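Only one structure is covered here, and it is reproduced in the block below.
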Amino acid sequence: MSGAQERSPGGEARTPAGTGGAEERIIPDRGRITPARGGARERIAADPATARERIAADPGAAEERIAADPGRAEERIAADPDAAKERIAAELDAGRGRSLRYTEVDDETLVRQHSPLMSPLVWDLAHVGNYEELWVLRQADGAEALRPEIDAMYDAFAHPRAERPELPLLAPDEARRYIAGVRDRVLDALDRMDLSDPHPLRAGGYVFGLVLQHEHQHAETMLATLQLSRRPGLVPDGVPPSGRARGHDQVLVPAGPFQAGTSGDPWAYDNERPAHRVDLPAFWIDRFPVTNAAYTEFIESGGYGDPRWWSPDGWRWRCGRRVTAPLFWARDGRRWWRRRFGRMEPVPPREPVQHVSWYEADAYARWAGARLPTEAEWEKACAWDTRAQRALRYPWGDAAPGPRHANLGHRTARPAPAGAFPEGASPCGAEQMIGDVWEWTGSWFAPYPGFRGFPYREYSEIFFGRGYRVLRGGSWATHPSSVRATFRNWDLPARRQIFAGFRCARDLAPGET
Ligand SMILES: [Fe+2]
């Protein structure tokens, strides 16, 4: 995201996938815990199949093992603090595994800036370690700075992405040594830390969740950078599950109030809080994200050339940039191709469209006689269980995302076809709301009633009211531990390098019930 991904503690803002918005924020657990007795690191070291090896062998399975039930983290920690620390250590290891995997490339690829929109990969690599040092070692554990002279270079707010290639960044090997040294100390701090301490960063191990989600968000940013690099062979692919043949289809979300946001989710960022009631009239929403086939109809019918479908800002953007198709698409005669991680391939018709800006999503919706859902509508369609009158953590319930539910965590390097996850349907019948593509909504990024910034203003607060649009649901590149129904990403409406698509909504027609 753009939103959630790039923000650092001092840092910039953006999302796990980067683009915009919410990059790094989490709320402290408030569970009561007793100090752990053994060391998480020793327990992991004693197991010859280390977490990292297991994860490297089967990343999907590792996530399932680790993810247990994040919704009840506090209870789990209170019941067994040693197991909680072991789980935190394994999650940290899984996150680091991704960072290292995406930077196992030649040094030239690491230090080069592939787009002015993105940092050199070696910046992201050292930045995740610097963020971890700042928040876990210094802020939560009281340590002195390890390398105070590098702090400013890795402060995302001090240096916009365009400037970063000019900084005297740590060389790739030095960056790897630095983040490994930080991680050793972080695991020592985890062993020592009393997670029942009421300090908001230490309580329930909140600070570890903060750095863990941050690292996963940068992993998604790294994938966006690798996509922009045009270089083949750098990103592992996979085969997505097949979709089932379905026509265009909308589901009805009945009128009534629902609970938006959360006050109790230990992983939630400040911008997701607090839970609050929102009353909505009934509306229709697409069962699936808009597919490449549907989007191609918009293109072929002259949608990019007709100002009727575009907002005034969108039309200016389209004309100024001479945009005629999603980013990375090219036409060959009558056929559309796309470049995906350095290789050209025919555009697969049943996949959700990705790499479209908010302006394009908005224009398509108007052309289709619809509109983008508001973020409240999106969240209600995603997770409100009308019968039980409660909000679920995910569309399918509170269980952690598994391979039957959603396309998350880079199981494949692409969205899955529409209809691939019937078991991930929400109570109203909407599918693929989590995973595949971030979904643009019609809403501006703004605070919920009762918002309180934590743990730093730069995570969300400075982005409110600044022209950012909200995205929801995560993409195929988003890690399961850093997305949920309440998660809000944000980005500028012109951004297209993020893994974003959309679905449409519409009001009920007169007499429709
Ligand atoms: Fe960051």
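Throughout, read-outs are computed from the coordinates displayed, never taken from laboratory work. Remember, predicted model here, so these are calculated numbers, not experimental data. No Cβ is skipped: glycine too gets one built from the backbone with ideal geometry, and neighbour counts run over all protein chains shown.
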* Exposure proxy check: Trp317, Trp123 ranked by fewest other beta carbons within 10 Å? -> Trp317, Trp123
* Thr478 long-range amide H proximity, modeled H, under 5 Å -> Gly409, His410
* Compute the Cα gyration tensor for the range 117-176, then decide on rounded, prolate or oblate, letting a ≥ b ≥ c be the square roots of its eigenvalues: rounded whenever a/c is under 1.5, prolate when a/b is larger than b/c in the other cases, and oblate in all that remain. => prolate
* Structure fact -> Residue by residue through the range 144-157, the couplings from Karplus 6.51 cos²θ - 1.76 cosθ + 1.60 with θ = phi - 60°, in Hz, x for Gly and Pro, are 7, 5, 6, 9, x, 5, 9, 4, 5, 5, 9, 8, 5, 7
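Would you please give the FRET efficiency between Ser301 and Ala152, computed as 1/(1 + (r/R0)^6) with r the Cβ-Cβ distance and R0 = 56 Å, to the nearest 0.05? Mind showing how you got there, number by number?
Values: r = 51 Å, r/R0 = 0.91.
The computed FRET efficiency comes out at 0.65.
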* Quick one: grab the alpha carbon gyration tensor of the range 456-513, order the square roots of its eigenvalues as a ≥ b ≥ c, and give me rounded if a/c is under 1.5, else prolate or oblate depending on whether a/b is larger than b/c. => prolate
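Once the piece of chain linking Asp106 and Ala293 is laid out straight, how much longer is it, given 0.36 nm per residue of separation minus the C-alpha distance between them?
Working: separation 187, 0.36 × 187 = 67.32 nm, distance 3.69 nm.
The Asp106-Ala293 span can extend by a further 63.6 nm.
Sort Tyr468, Tyr456 by Cβ crowding within 10 Å, fewest neighbours at the top. Mind dumping the intermediate values first?
Working: Tyr468 27, Tyr456 20.
Fewest to most other Cβ atoms nearby, the residues stand as Tyr456, Tyr468.
Scan the range 397-505 for trypsin sites (Lys or Arg not before Pro) in coil per DSSP, keeping those whose Cβ has at most 13 other Cβ atoms within 10 Å, and list them by number. Don't jump to the answer; show the numbers that get you there.
Details: sites: Arg404, Arg411, Arg452, Arg457, Arg466, Arg469, Arg472, Arg484, Arg488, Arg495, Arg496, Arg503; in loops: Arg404, Arg411, Arg452, Arg457, Arg466, Arg484, Arg495, Arg496, Arg503.
Answer in residue order: Arg404, Arg452, Arg457, Arg466.
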* **Assigned charges on the beta-carbon of Lys, Arg, Asp, Glu; the range 249-513 dipole about Cα centre (debye)** => 780 debye
* To do: Please work out the C-alpha center-to-center distance from the range 360-420 to the range 123-190 and express it in whole Å.
  => 35 Å
* Could you list which residues have their amide H under 5 Å from that of Gly238, counting only those 5 or more apart in sequence or on another chain, with H placed in the peptide plane? => Ala413
* Once you have a ≥ b ≥ c as the square roots of the Cα gyration tensor eigenvalues for the range 79-198, tell me rounded if a/c is under 1.5, and otherwise prolate or oblate according to whether a/b is larger than b/c. => prolate
* Asked: Using only the Cα atoms of the range 249-513, what do you get for the radius of gyration and for Dmax, in Å?
  -> 17.8, 55
* To do: Set the Förster radius R0 to 56 Å, insert the Cβ-Cβ distance between Gln389 and Glu345 as r into 1/(1 + (r/R0)^6), and round the FRET efficiency to 0.05.
  => 0.80
* On a C-alpha basis, how far is the centre of the range 248-308 from the centre of the range 468-510 in Å? Whole number, if you could? => 8 Å
* Asked: Can you list residues whose amide H is under 5 Å from Leu280's amide H, if they're 5+ apart or on another chain and H is modeled 1.01 Å from N?
  -> Gly256, Phe258
